[in-house]
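Every number in this text was worked out from the coordinates using simple rules, so none of it is lab data. These figures come from a predicted structure and were not determined experimentally. Don't worry about glycine lacking a Cβ; one is built from the backbone with ideal geometry, like all the others, and counts go over all protein chains shown.
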Amino acid sequence: MRMAETEHRPTNFIRQIIDKDLASGLHDSIKTRFPPEPNGFLHIGHAKSICLNFGIAKDYTGTCNLRFDDTNPAKEDISFVNSIKEDVKWLGFAWSGDERYSSNYFDQLHGFANELIDKGLAYVDFSSQEVMRELRGTLKEPGKNSAYRDTDVETNKREFAKMTAGDYAEGECSLRAKIDMTSPFMCMRDPVIYRVKHAHHHQTGDKWCVYPMYDFTHCISDAIEGITHSLCTLEFQDNRRLYDWVIENISIDCSPKQYEFSRLNLEYTVLSKRRLIQLVDEKHVHGWDDPRMPTVAGLRRRGYTPGSIVEFCKRIGVTKMDNMVEMSMLEACIRDDLNVNAPRAMAVLDPIKVVIENYEEGATETLAAPNHPNDETMGTRDITFSREVWIEAEDFRESANKKFKRLVLEKEVRLRNAYVVKANRVEKDEEGNVTTVYCTYDPDTLGKDPADGRKVKGVIHWVDAATANAAEFRLYDRLFNVPNPAAEEDFTDAINPESLDVKQGWAEAGLIDNVPAVGAWQFERTGYFCLDNDSTAEKPVFNRTVGLRDTWAKMEG
């Protein structure tokens, strides 16, 4: 079904192909799929594919399957299956029917492998990995035929049956497609389509001792499911020839077509699953959902919203050109979202105490503070005020020039949503650090300027020492120090040692019990923060999602 003409949708070369296929009558409905391998968590690059596949299905009133390409049980786990389903749902997408698995089709795949053997298009090869690699050739030199390439059909059927029965050890033999060892495309030089693997499978248990290779499985799974447009990234461009060869040489009615788009390359991170696994296994990060990781789970824990990620995928678009996307583009998407939707609150990350000496001891009052400066519909909240409050250490100086608009000895500043205070004297620790600032306040300045016309230019945030919650603040930065860590000889050498800074401070009371719908707050003048799942009732833990502005732009400039 074609999109409604009145709807404004993003266009790209894939959508143009679909429009043409629908107009010509090649297809009367669109079926896509998202086919992750359950051997790790999804990352932001997968989110691009999710938005593309599910977005196309939605816009064209079609369907999109979630299919796990689970052909390597040694590296797969049901926990990865569950995390992938959670991520897709969290991003706001729903797959057609139940989730599917390539393992659902193992019997059919095995049958198609036997069909290729019967047609003289597949053979069992007992060559070692080293020999196969040597015979494969190079990009400049053609490959050479294996000594087993011309084995007769009956022998191949018998040997494949023995492989299936578990009579051979892993690596002892494999089933290869018989295509062309002189092809300029390496993937067509008699690729392995089945290998022996004695491993327990999370879906099929111990039924199989042989497992199909991804390139053999993927195209057949697409055909079985009636996929019309099989969308994948550019590294599979050459493999399209193998995709088409398999479909053309087996007895199956559907002939899906593969189309390739550029994968996402994002600055200051790595999106290779192998490298992400290394980061986790070598404990450079605290698991797959570490907020510094580019995984969907990590972004979610850091405070990114589904809408911000979908918007990011929309902004970068879908092309055939490889390019490096600036991290600032992703950060801009979450800033734009939270600037509008996140309520404001106050927290002090690096505290020093302010004692208001002319405020009555033991007294307290409740003040009203707006939840958003530009959206009155968000209402107000109650904050308490008393004789002692916490402020940021950087918001006080004993002396400063006129450009410093915060608290200075013998000068005045306004406490946000409260009174004007004047700093009179300080108390220091043994190292000479200011620990307490003694002030006086003007009781006639709540919500208004001083009566005698004094100009108070500075405003600082604070929290009431009597009611504030002790809190931990985790300040996350980019995981790597260089824009393209994958280009380094050892990408782990480029890890930013300051990618996590943990601070102990104070937050407004009650935040842990009143998490906003968007899941985050703007802590005034500090950044956007969300509540981490390490929080307890006694001590909340806040993750900084992103700062209020792009500080890296200045550093890089």
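Taking all pairs of distinct Cα atoms, average 1/r, flip it, and tell me the Kirkwood hydrodynamic radius of the stretch 218-283 in Å to one decimal place.
13.9 Å
Under the 0.36 nm per residue contour assumption, what length would be gained going from the current alpha-carbon distance of Ala470 and Val131 to full extension?
Fully extending the segment from Ala470 to Val131 adds 115.6 nm.
For the chain, restrict the atom set to alpha-carbon positions and state the Rg and Dmax in Å.
Using the Cα atoms of the chain, the pair Rg, Dmax is 30.6, 104 Å.
Using 0.36 nm per residue of separation minus the Cα-Cα distance, give me the extension gain between Ser399 and Lys428 in nm, one decimal.
8.9 nm
Please get the size of the charge dipole for the stretch 124-273, origin at its Cα centre, with Cβ charges of +1 on Lys and Arg and -1 on Asp and Glu, quoted in debye to the nearest 20.
140 debye
Under 20 °C and 1.002 mPa s, how fast does the stretch 318-461 diffuse according to Stokes-Einstein, given a Kirkwood radius computed over C-alpha pairs? Answer in µm²/s, whole number.
Diffusion coefficient, whole number: 121 µm²/s.
Sort by residue number and name the cysteines in the chain that have no neighbouring cysteine Cβ under 4.7 Å.
Cys64, Cys173, Cys187, Cys209, Cys219, Cys232, Cys254, Cys333, Cys439, Cys530
Would you kindly give the portion of the calculated P(r) for the stretch 29-97 that falls above 16 Å, as a percent of all Cα pairs?
Tail of the P(r) past 16 Å holds 43 percent of the pairs.
Once amide H atoms are built 1.01 Å from N in the peptide plane, which residues 5 or more positions from Tyr101, or in another chain, come under 5 Å H to H?
The list, which skips near neighbours in sequence, is Phe68.
Explain nothing, just the number: dipole magnitude of the stretch 321-450 about its Cα centre with +1 on each Lys and Arg Cβ and -1 on each Asp and Glu Cβ, in debye rounded to the nearest 20.
Here the size comes out at about 460 debye.
Run the simple label-point estimate for Asp238 and Lys448 please: 7 Å along Cα→C-beta, distance reported in nm.
The modelled label-to-label distance comes out at 7.9 nm.
Along the charge dipole of the stretch 13-261, which of Phe68, Ala23, Ile179 sits closest to the positive end, that is, farthest toward it, with unit charges on the beta carbon of Lys, Arg, Asp and Glu (+1, +1, -1, -1)?
Toward the positive end, the furthest listed residue is Ala23.
Give me His46, His284 sorted ascending by neighbouring Cβ count inside 10 Å, so fewest comes first.
By the 10 Å Cβ count, ascending, the order reads His284, His46.
May I ask for the angle, rounded to the nearest 10°, between helix 106-118 and the longest principal axis of the chain, with both axes built from Cα atoms and the value confined to 0 to 90°?
That works out to roughly 40 degrees.
Under 8 Å for C-alpha pairs, at least 6 residues apart: give me the relative contact order for the stretch 1-125, rounded to a whole percent.
Rounded, it is 25 percent for the stretch 1-125.
List, largest first, the extents of the alpha carbons of the stretch 13-261 along their principal axes, each in whole Å.
The Cα atoms of the stretch 13-261 stretch 52, 40, 32 Å along the principal axes, largest first.
Points 7 angstrom from Cα along the Cβ direction at Val355 and Asp501: gap in nanometres?
The answer from the label model is 2.9 nm.
Please report the equivalent ellipsoid semi-axes of the stretch 256-329, computed as sqrt(5 x eigenvalue) of the Cα gyration tensor, largest first, in whole Å.
24, 16, 12
With N set to the residue count of the stretch 329-376, report its C-alpha Rg divided by 2.2 N^0.38 Å to two decimal places.
Rg over 2.2 N^0.38 Å, computed on Cα atoms: 1.75.
Between Lys144 and Ala94, what FRET efficiency follows from the Cβ-Cβ distance if R0 is 60 Å, with the result rounded to 0.05?
E(calc), rounded to 0.05, equals 0.75.
Under a plain spin-label model, where a point goes 7 Å from the Cα along Cα-to-Cβ, how far apart in nm are Ser24 and Ala369?
In this crude label model, Ser24 to Ala369 measures out at 6.2 nm.
Put +1 on the Cβ of each Lys and Arg and -1 on the Cβ of each Asp and Glu in the chain; which of Cys439, Trp288, Val408 then has its Cα farthest toward the positive end of the dipole?
Farthest towards the positive pole: Val408.
When Rg is the radius of gyration of the Cα atoms in the stretch 91-209 and Rh is its Kirkwood radius, what does Rg/Rh come to?
When Rh is taken as the Kirkwood radius, the ratio is 1.05.
In deg cm²/dmol, rounded to 500, what helix-only [θ] at 222 nm does the chain give when every DSSP H run of at least 4 residues adds -39500 (n - 2.57) and the total is split over its residues?
The helix contribution divided over the chain gives -7500 deg cm²/dmol.
Shape of the stretch 399-557 from its Cα gyration tensor (a ≥ b ≥ c, root eigenvalues): rounded if a/c is under 1.5, otherwise prolate when a/b > b/c, or oblate?
Verdict is prolate for the stretch 399-557.
Given 10 Å bins starting at zero, what is the percent of C-alpha pairs of the stretch 334-405 in each, up to the one with the largest pair distance?
Percent of Cα pairs in each bin: 16, 31, 36, 16, 1.
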